[in-house]
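Let me begin by presenting the structure, written as structure tokens, before commenting on it.
The values are calculated or read from the model by the stated rules, or taken from the named source; none is laboratory data. Treat the numbers as computed from the prediction; the structure is a model and nothing was measured. Every residue, glycine as well, gets a Cβ built from its backbone with ideal geometry; the counts of neighbours run over all protein chains shown.
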Amino acid sequence: MRRGLAVVVLCGSCGRYAGFELPGPGGGAPPVKVRWDVAPEPSLVRGPAGEWDSVDALNPSVAARAGLLWNLYSGYDGKTWHTGAAVSRDGVAWEKRGKVLSPSGWEGGYIAANGSALWEGGELRYWYQAGDPPRIALASSAGGVSWRKHGAEVLPLGPYGSWDERGVADPYVIREGEWLYMYFLGQDRARRQRLGVARSRDGIVWDKHRANPVLETGEDGAFDENGLGEPAVWKQHGRWWMLYTGRDRAEYRRIGLAWSSDGVKWRRFDESAVFAGARPWNRKVVCDPSVEVAPDGSVRVWYGGGDVAHPAENIHGQIGLAILRWEAP
């Protein structure tokens, strides 16, 4: 999901910067083709009228612990985006646990959602989008029910004239060794939306990469010519991989695939890897990927889908499941 971001500049603290690379992803021959196997119907649907997720249910973020999958997803009630929780044993049938976060204080009244979940040191941590212009905040929970917010933003806007001066959003956080890495959307004053990366030791103090953005919008006529968002990153087959949402000029959204050897310099994979909706419920929007590498090497992808072409909300959003399968030469 994405909203037209405000043009007000709030940059009391524009953050820290560093140069870095992600560790090498190891050996293995990279595949040359991929195939998508897509479940025909959504696995997590919108709530009934009047519920906090009655208008849209999008942006799944799935984290596993002790054989149980936790899905922190975003629900829209027609006015406000909240975060709710659902759990599953198989990743297909989900039991909703209700709303867990709503915007408060500096976050305003529009959004506390669109985030990234990760189990860290026995607690579930969730980096999420809040505020206007949007910034990245942090909440945590020992058991996924009772949550505490960190308070202030943890990833601020960029400085005047920067690529992320008017918004940072869509976090996706992974751990690699002693570092946490966050991939995120940045918006500049021309309303261009591209992707960058930051790193942190504690999940609170982040260094943005000096070379950001790390992935630019596509060429004219491409599926991602109008904006990028919602990255999901993992390592496999000797490369870092990224699924991301691309928007075209008609605001149709599809999921693209890119790869990198260092997590900073990214290249698009073959155009045949682009995932577009083909069912009535997701025919105009597929977005918000969250990934898990399965024991057989395939990649389970939970995603948001909708039947209305819009960059943010009111798309009848629901959450589906697809399998990305690698094919040898």
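Key figures
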| quantity | calculated |
| --- | --- |
| Counted residues, the range 221-235 - those being more than 16 Å from the chain's Cα centre (by Cα) and over 22 Å from Pro25 (Cβ atoms) | 5 |
| Failed condition for Glu230, given (1) touching an Asp or Glu at 6+ places or on another chain (Cβ under 8 Å); (2) under 28 Å from Pro295 (Cα atoms); (3) among the acidic types (Asp, Glu); (4) surrounded by fewer than 18 Cβ atoms within 10 Å (Cβ to Cβ) | (4) |
| Some residue of the range 183-195 being aliphatic (A, V, I, L, M) and within 17 Å of Gly115 (Cα to Cα) | yes |
| Test: Arg199 is of a type outside the set (Val, Ile, Thr), part of a loop (DSSP other than H, G, I, E, B) and out of contact with any helix residue (DSSP H, G or I) (no Cβ under 9 Å at 6 or more places or on another chain) | no |
| Residues of the range 157-196 satisfying the condition of being more than 22 Å from Trp302 (Cα to Cα) and among the β-branched types (Val, Ile, Thr) | Val168 |
| Test for Pro171: is it in a loop (DSSP other than H, G, I, E, B), within 23 Å of Val205 (Cα to Cα) and either in contact (Cβ under 8 Å) with a residue 40 or more places away in the chain or not hydroxyl-bearing (Ser, Thr, Tyr) (or both) | no |
| Single match in Gly167, Gly218, Gly186, Gly196 (criterion: more than 28 Å from Gly151 (Cβ to Cβ) and not charged (D, E, K, R)) | Gly218 |
| Every pair of residues 6+ apart whose Cβ atoms lie under 8 Å, when the first sits in the range 218-231 and is closer than 27 Å to Tyr73 by Cα while the second is at pLDDT below 95 and assigned to a loop (DSSP other than H, G, I, E, B) | Gly227/Arg2; Gly227/Pro311; Gly229/Arg2 |
| Condition broken by Trp240, with the remaining ones in (1) under 17 Å from the mean Cα position of the chain (by Cα); (2) under 14 Å from Asp224 (Cα atoms) satisfied | (2) |
| Residue that is surrounded by the fewest Cβ atoms within 10 Å (Cβ to Cβ) [pool: residues in the range 261-290 that are part of a strand (DSSP E or B) and without any contact (Cβ under 8 Å) to a residue 60 or more places away in the chain] | Arg267 |
| Filter pass, Gly297 being in a loop (DSSP other than H, G, I, E, B) and either under 16 Å from Tyr76 (Cβ atoms) or touching a residue at least 40 places away in the same chain (Cβ under 8 Å) (or both) | yes |
| Extreme residue, modelled with the lowest pLDDT, among residues of the range 110-128 that are small (Gly, Ala, Ser) and more than 17 Å from the chain's Cα centre (by Cα) | Gly121 |
| Residue identified as modelled with pLDDT of 95 or more, crowded, with 20+ Cβ neighbours inside 10 Å, farther than 22 Å from Arg175 by Cβ and of a type in the set (Gly, Ala, Ser) among Gly131, Gly105 | Gly131 |
| Pair list, Cβ < 6 Å and 6+ apart or interchain, from the range 59-77 residues that are farther than 17 Å from Gln129 by Cα to residues that are at pLDDT below 95 | Trp70/Gly144 |
| Condition check for Gly75: modelled with pLDDT of 95 or more and not in a strand (DSSP E or B) | no |
| Subset tally (residues that are free of Cβ contacts under 8 Å to residues at least 12 places away in the same chain and either aliphatic (A, V, I, L, M) or outside any loop (DSSP other than H, G, I, E, B) (or both)) for the range 146-165 | 1 |
| Sole residue being on the phi > 0 side of the Ramachandran plot and more than 18 Å from the chain's Cα centre (by Cα), chosen from Gly297, Gly263 | Gly297 |
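Residue by residue, here is whether (1) in contact with a strand residue (DSSP E or B) (Cβ under 7 Å, 6 or more places away or on another chain); (2) in a strand (DSSP E or B); (3) not hydrophobic (A, V, I, L, M, F, W, C) holds:
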site	(1), (2), (3)
Pro48	no, no, yes
Ala86	yes, yes, no
Ala93	no, no, no
Ala113	yes, yes, no
Leu124	yes, yes, no
Gly144	yes, no, yes
